[in-house]
Amino acid sequence: MTTAFTGFGRDLIQYYLQLEENNNREWFHAHRAMYDENVAAPLKAIAEDLSADYGPIKIFRPYRNVRFWPDLPPLNEHASLTANAEANSAYYLRIDADGMLLGAGNWQPSKAQLTQFRVIASTDTGALAIRSLLAKMQTHGYELSLESALKSAPRGYAKDDPNIDLLRLKSLSLSAHFAPGAWLYSSDCLTKVLRGWQTLTPWLQWLRSHLPSE
């Protein structure tokens, strides 16, 4: 397969480190060429290559929506895209000064999706199937997002439920972080993304086949 992507720019890390110290529109406009060459153009190229198997692709803009986060700096200190979005779930890729994050799942499941997940997770067979899938993902370094998990049991479930760790989840996404290396600046990055998303596909398929679409 002929690829458009040949790696992110060598100054990508430096760009984001500098942005962290100068997060304002004036600095960004003065360094727009650095952003375009090292981040934007390679991100567009990798999206083009990924679209064959994981389209459609959505690339997020560098500007943060200050209408929702007026107290935060105006620019995102990362570049990201989602792929194959469906039923409130998708594959995810993020690049920043710390390297690359790959993920997949339902980051913010709907109330109906979360309710159904808990119904399944509260049964022995359902919990076993979920844990089996998660164990396979964990062998490749992919972990559940626990940042938004409930502190206690959700309404209608006992605090001592044997599957309380699953019932407390509010995000159904898995992710893994990869520290920057030579791979980031070559087509090996595309290979790493493809392998990662292939690993995560069974989890995404399970979510889409067991939870409502909305």
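Report whether or not L200 is surrounded by 14 or more Cβ atoms within 10 Å (Cβ to Cβ), modelled with pLDDT of 95 or more, in a helix (DSSP H, G or I) and of a type outside the set (S, T, N, Q). Spelling it out, L200 is indeed surrounded by 14 or more Cβ atoms within 10 Å (Cβ to Cβ), modelled with pLDDT of 95 or more, in a helix (DSSP H, G or I) and of a type outside the set (S, T, N, Q). Note on the stretch 123-146: residues that are charged (D, E, K, R), in a helix (DSSP H, G or I), closer than 29 Å to R195 by Cα and without any contact (Cβ under 8 Å) to a residue 60 or more places away in the chain amount to 1.
Considering only residues in the stretch 147-170 that are free of Cβ contacts under 8 Å to residues at least 24 places away in the same chain and among the aliphatic types (A, V, I, L, M), the one that is surrounded by the most Cβ atoms within 10 Å (Cβ to Cβ) turns out to be I164.
Only one of T6, T2 is modelled with pLDDT of 95 or more, among the hydroxyl-bearing types (S, T, Y), assigned to a loop (DSSP other than H, G, I, E, B) and within 23 Å of Y185 (Cβ to Cβ). Can you tell me which? Please lay out each step first, then the result.
Working: T2 fails: modelled with pLDDT of 95 or more.
Only one candidate qualifies: T6.
Say we look at the stretch 15-30 and pick out the residues that are surrounded by fewer than 16 Cβ atoms within 10 Å (Cβ to Cβ), touching a residue at least 12 places away in the same chain (Cβ under 8 Å) and not charged (D, E, K, R); which of these is nearest to L81 (Cα to Cα)? Per the stated criteria, the residue is L17. Just so you know, in the stretch 74-116 the residues that are in a strand (DSSP E or B) and among the β-branched types (V, I, T) include one that is nearest to the chain's Cα centre (by Cα), and it is T82. Restricting attention to the stretch 146-161, does a residue exist that is in contact with a Pro (Cβ under 9 Å, 6 or more places away or on another chain) and either among the basic types (K, R) or closer than 29 Å to N24 by Cα (or both)? There is no residue in the stretch 146-161 that is in contact with a Pro (Cβ under 9 Å, 6 or more places away or on another chain) and either among the basic types (K, R) or closer than 29 Å to N24 by Cα (or both). What about R94, is it under 29 Å from S51 (Cα atoms), without any contact (Cβ under 8 Å) to a residue 24 or more places away in the chain and surrounded by 17 or more Cβ atoms within 10 Å (Cβ to Cβ)? Yes; evaluated as a whole, the condition is true for this residue.
The values are calculated or read from the model by the stated rules, or taken from the named source; none is laboratory data. Predicted model only: the values in this text are computed from it and were never measured. Heads up, the Cβs are rebuilt from the backbone with ideal geometry, glycines too, and the neighbour counts pull from every protein chain shown.
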